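J.: Input: one structure, supplied below.
The values are calculated or read from the model by the stated rules, or taken from the named source; none is laboratory data. Just so you know, these numbers come straight off a predicted model, no measurement behind them. Ligands, DNA and RNA are stripped out before the accessible areas are found, and what is left, the full protein with its side chains, is counted by its heavy atoms. Shrake-Rupley method; radii C 1.70, N 1.55, O 1.52, S 1.80 Å.
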Amino acid sequence: MRTAQESFTGGFVACLGYTGIDRSREVKRHGLSTDIHRKEQKRAGAAMYKTPGEKVPVESISEFAFSDLEMMIYTRVVLEG
């Protein structure tokens with residue numbers, strides 16, 4: 001069980017790990033959050049796939065080409081105890 005003030009991210013994949021949430025707990029706060037990463041491609045045999053690279057602070061995004069960055073937007077939910 002999660003403790004008071006503990007948060008989790010929303011979205012289909014993230015929710016798979018939180019199937020045991022006590023639904024009687026109240027939502028304390030929620031909103032959108034973002035993470036910006038450098039794009040990285042990896043190869044496994046003939047297959048290419050993308051993985052999140054180094055996290056880029058918002059203050060530093062002007063140092064990169066837009067095409068080199070990827071932004072993840074997600075819902076953050078904080079539950080009461």
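J.: Lysines near LYS39 by alpha-carbon distance under 20 Å, same-chain residues fewer than 8 away left out - which ones?
T.: Once the sequence-local lysines are set aside, what remains near LYS39 is LYS50, LYS55.
J.: For ILE61 and ALA47 in the same chain, what is the full-extension length gain: residue separation times 0.36 nm, less their Cα-Cα distance, in nm? Let's see the in-between values first.
T.: Numbers: separation 14, 0.36 × 14 = 5.04 nm, distance 2.91 nm.
Separation in residues times 0.36 nm, less the Cα-Cα distance, equals 2.1 nm.
J.: Would you please give the residues with an amide H less than 5 Å from that of VAL77, counting only those at least 5 places away or on a separate chain, with H modeled from the backbone geometry?
T.: Here PHE8, GLY10 satisfy the definition.
J.: Along the stretch 57-72, what does the Karplus equation 6.51 cos²θ - 1.76 cosθ + 1.60 (θ = phi - 60°) give for ³J(HN,Hα), rounded to whole Hz, x for Gly and Pro?
T.: x, 3, 5, 9, 5, 5, 7, 10, 6, 4, 5, 8, 10, 9, 10, 9
J.: Skip the ligands, DNA and RNA, and give the accessible area per residue of the stretch 23-63 with a 1.4 Å probe, whole Å².
T.: Heavy-atom accessible area per residue stands at 85 Å².
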